[in-house]
């Protein structure tokens, strides 16, 4: 099974690749980036960020990604979803807060804005959404805070909270350089804790992660060997 990714950056690609491969266990699954382009040495070659994710969500790119892949995962963070050109929610909703279910639905609607209804009706069972509330690092917090309910469920300052749980001698994740050598070591340290058996439990602490695993469950149910 081949799965393409449209993501904000290489760190998100690496985290999703780890999650998907662990989720399907021994099943032969190949996960690779459609956006951004990543060099063989793991360095991000093209621009990333939420703007590039939204720009790549159109008929041409969806068709191209699915021409050689069984599924397409589209990932985006919600921390800037009130900004101009993103605008999944309003500035006021961001300030006052919004239910996670509504936030998720608004962001998915925004991702689909430039994909025709005809195409989406045809391929909707092949598109999975990884909506990270409010960034993908929030998905990883339960791996590091088993005994701290508030931090397990946190949806703000997640990179900072994740770094607090990682020994400094291992590495740290800079907010603006998530593909640095230090960040790579930090992500590897955390992701080693994620196993096939604990993914369903971990996912329950973040609504976007939970919805993503529900979609993977649907895919899993179509595979006769699982």
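Things worth noting here:
- Search result, residues across segment 168-179 that are more than 18 Å from residue 8 (Cα to Cα) and free of Cβ contacts under 8 Å to residues at least 12 places away in the same chain: 168, 169
- Enumerated helices (runs of 4 or more DSSP H) restricted to segment 76-138, each holding at least 1 residues that are touching a residue at least 24 places away in the same chain (Cβ under 8 Å): 100-111, 117-123
- Total residues in segment 83-97 satisfying the condition of being within 20 Å of the chain's Cα centre (by Cα) and crowded, with 17+ Cβ neighbours inside 10 Å: the figure is 3.
- When residues in segment 149-159 are screened for being part of a loop (DSSP other than H, G, I, E, B) and touching a helix residue (DSSP H, G or I) at 6+ places or on another chain (Cβ under 9 Å), 4 of them pass.
- Whenever a residue of segment 23-35 is free of Cβ contacts under 8 Å to residues at least 60 places away in the same chain, its partners that are surrounded by fewer than 18 Cβ atoms within 10 Å (Cβ to Cβ) and not in a loop (DSSP other than H, G, I, E, B), lying with C-beta atoms within less than 6 angstrom and at least six residues away or across chains, give the pairs 30/2.
- Hits in segment 205-224 (condition: assigned to a loop (DSSP other than H, G, I, E, B) and at pLDDT 95 or above): 205, 206
- Of all the residues in segment 139-155, those that are free of Cβ contacts under 8 Å to residues at least 24 places away in the same chain and more than 14 Å from residue 194 (Cα to Cα) number 6.
- Residue selected from segment 205-226 under the condition more than 14 Å from residue 141 (Cα to Cα) and touching a strand residue (DSSP E or B) at 6+ places or on another chain (Cβ under 8 Å), by the criterion surrounded by the most Cβ atoms within 10 Å (Cβ to Cβ): 212
- Residue that is surrounded by the most Cβ atoms within 10 Å (Cβ to Cβ) [pool: residues in segment 176-204 that are under 16 Å from residue 138 (Cα atoms) and at pLDDT below 95]: 178
- Residue in segment 4-26 that is over 21 Å from residue 188 (Cβ atoms), buried (at least 21 other Cβ atoms within 10 Å of the Cβ), touching a helix residue (DSSP H, G or I) at 6+ places or on another chain (Cβ under 8 Å) and modelled with pLDDT of 95 or more present: yes
- Residue match in segment 59-72 (condition: more than 26 Å from residue 198 (Cβ to Cβ), within 14 Å of the chain's Cα centre (by Cα), in a helix (DSSP H, G or I) and touching a residue at least 40 places away in the same chain (Cβ under 8 Å)): no
- Leading residue by the ranking (nearest to the chain's Cα centre (by Cα)) among those in segment 160-183 that are over 17 Å from residue 193 (Cβ atoms) and in a helix (DSSP H, G or I): 160
The values are calculated or read from the model by the stated rules, or taken from the named source; none is laboratory data. Please read all numbers here as calculations on a predicted model, not as lab measurements. Note that we place each Cβ from the backbone using ideal geometry, even for glycine, and neighbour counts take in every protein chain shown.
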